[in-house]
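The values are calculated or read from the model by the stated rules, or taken from the named source; none is laboratory data. Just so we're clear, the structure is a prediction, and the values are computed from it rather than from any experiment. Note that each Cβ is placed from the backbone with ideal geometry, even for glycine, and that neighbours are counted across all protein chains shown.
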Amino acid sequence: MPRPRLYITAWMLALGALLSGCSTPMDPRRDQPFMEQASVTDRPSVRPTRSFSSFSDSLMCMDHMLRAAQVPTTLVTSKQIPDYSGRVAVGSKDMVITALSQMSRLSNAFRYVDYEVDIARQDTVQNLTTILLNNNQIQLQRPALYISGAISFVDQNVTSNRFDTGVSGPRVDLGYSQSRNATIIGMEMHLGDFRTRTLIPGLDSANEVIVGTGGQGVDLAGRIGTYGVQFNVGRDYTQGSGSAVRTLIDLATIELVGKWARVPYWQCLTLEQNHPDFQRQLRDWFNEGSPAVRLQLVTRSLISRGYLPASAGAEPIPAHSAELRTALSRFQADNGMVVTGVVDFPTYERVLRNFVGLSPDGTLARIGWNTTSAEPATVPTPAEAVLPPVVATSSLMYGASPTERSIDLQIENVMLDRTAFEVGEQIFLSATVSRASYLQCYLADATGTVLRLLPNQTNRTGWVSANQALRIPDWMSPNPGFVMDAASPGREGVACFATDEDSTGKLPEDLRGPPLKPIAAYRSLEKINEAFAATWGAAGYTGNAVYWNVVPRRAAPQPAPAASKPPARQ
């Protein structure tokens, strides 16, 4: 029996020869084709998406509601939102800032005061702030409100279910296991008065959310002759704590702000998009439907919202067409998504938000878009019935239909029982477009002087984002570029015009001059509108004008003469 031993000896000699070759240095040039793939392999395989929660639409609803209630701009800050359980490592404070910012895009209701001293983690902004404060070169505005709170508890595995079974035989072993767990995360937040550092009674929020984990597994082991074979197959899911905490923070912020501003915030919490199965149902429809059906749905929505012309629905649009990619990109930018220009699931979800409703049994159902009107639904705001009277004597719409694009032009310094401005008073406006557009604004005073306010030397670009208030002038900027005062007694107004592209080069030469300078050839806003209509046609632009009255300044009341005092007695 020497032959097996001979085979083993030959195999060991071959292995030794191979290992002896490892003593020589390897040539990295031979691995160059392999290494060149590293930069590509290192990139993520999935496109990034915008972080949305179940209450993202509720935050947008609150923004419109605060705008309708004309809540003045309020400075707010917050403390750190700690996690006393030590089990949820998330940036809760930054989530609070994001929620407040999303509620202020249109209304300008809140400005966050970002100042915090953290000795353990010094950063550039903190160091510069400290230096400038010590040298009296910076001033911090005192906030009026502050948010306090914490992740109060995390109860892990409150409910747990586990099932294991197995079968064993002479040649086959089979096992099956299933487990489910539920964890509860609780959060409490409060709103306080910064001046007194006291928490305002009643302005609190205490909510909790349940996150779950589950898994299934199958084990199979067998023996074929003298060889053993083993298989292990499993699938698991874990609902992350980060998304759960964001949902709690969005809900708590809506409750605190709604109670503080005394607006019917509950109307923003009953939206169908807050349904727990909203995204899951849409994901099932997205996976079940064909690409052609998804493209047809998205195209119909883009047409109804004015991103595509009505003629685009006559024939199917190729998915790779430049017109469709441009429309998708504009739609994604206006809705706060990552711009991809393709029909991905986030785009499909945002499109179907006006397509899906709740059925009588509480489940989601396809209800279709309203074919009688393409104008997006507005949030009912009972606060409109108690709004102060508008200073403007009239408001005119120019150009295209509001169903395709609209401009909301408002006077921001409206005060109760005011009907006019006095000469010399400052006037503040805001302009909001429903779609990302190129915006130009003009002022006409009572003497017939017309000048262009925007774009100007400070704000050189005329591009504005959708549903984000543009301040005219920017009263939050230390260098607003101009100040708008009521000039002469009479009727004044401001008109803004929105187009899909930069219209400066196509307008008459008199309108291409420098900003904030009188335009001699034009004496009214109506003439400016005629120039835009002649250049773009009625369907190529959208305009809005708002007017107010200017009255002479009233004389300051003279102080009453001091009464003569009786002579003092000796």
Could you tell me which numbered condition L516 fails, if it satisfies all but one of (1) at positive phi; (2) touching a Cys at 6+ places or on another chain (Cβ under 8 Å)? (2)
In this structure, is G258 buried (at least 19 other Cβ atoms within 10 Å of the Cβ), within 25 Å of F52 (Cα to Cα) and outside the structural domain of G341 (by TED's automatic domain parsing)? yes
Is it true that D474 is part of a loop (DSSP other than H, G, I, E, B) and farther than 28 Å from Q102 by Cβ? no
Considering residues that are assigned to a loop (DSSP other than H, G, I, E, B) and either among the polar types (S, T, N, Q) or not assigned by TED's automatic domain parsing to the domain that holds R197 (or both), the number found within segment 101-116 is 3
Determine which single condition T270 fails, assuming it passes every other condition in (1) assigned to a helix (DSSP H, G or I); (2) surrounded by fewer than 17 Cβ atoms within 10 Å (Cβ to Cβ); (3) not small (G, A, S). (1)
Within segment 434-484, track down each residue that is in contact with a Pro (Cβ under 9 Å, 6 or more places away or on another chain) and on the phi > 0 side of the Ramachandran plot. G481
Given the condition touching a His at 6+ places or on another chain (Cβ under 7 Å) and within 30 Å of Y237 (Cβ to Cβ), answer yes or no: does some residue in segment 149-170 qualify? yes
Candidates A244, A150 - the one that is under 23 Å from the mean Cα position of the chain (by Cα), among the small types (G, A, S), assigned by TED's automatic domain parsing to the domain that holds A109 and modelled with pLDDT of 90 or more: A244
With N135, N161 as the choices, which residue is modelled with pLDDT under 90 and loosely packed, with under 12 Cβ neighbours inside 10 Å? N135
Residue tally, condition on the phi < 0 side of the Ramachandran plot and either surrounded by fewer than 17 Cβ atoms within 10 Å (Cβ to Cβ) or part of a loop (DSSP other than H, G, I, E, B) (or both), over segment 291-324: 21
Taking the stated definitions as given, is S92 surrounded by 14 or more Cβ atoms within 10 Å (Cβ to Cβ), modelled with pLDDT of 90 or more and farther than 26 Å from T74 by Cβ? no
Taking R300 as the residue in question, decide whether it is of a type outside the set (A, V, I, L, M, F, W, C) and farther than 30 Å from W463 by Cα. no
What are the pairs, 6+ residues apart or on separate chains, where a residue within segment 259-282 that is free of Cβ contacts under 8 Å to residues at least 12 places away in the same chain has its Cβ under 6 Å from a residue that is surrounded by fewer than 17 Cβ atoms within 10 Å (Cβ to Cβ)? none
Of (1) over 27 Å from the mean Cα position of the chain (by Cα); (2) more than 27 Å from T196 (Cα to Cα), D123 fails just (1)
When (1) over 27 Å from S58 (Cα atoms); (2) touching a strand residue (DSSP E or B) at 6+ places or on another chain (Cβ under 9 Å); (3) not hydroxyl-bearing (S, T, Y) are applied to G225, the one that fails is (2)
I need the strands (runs of 3 or more DSSP E) fully contained in segment 378-457, keeping only those with at least 1 residues that are modelled with pLDDT of 50 or more and within 20 Å of W475 (Cα to Cα). 407-411, 429-433, 437-444, 450-454
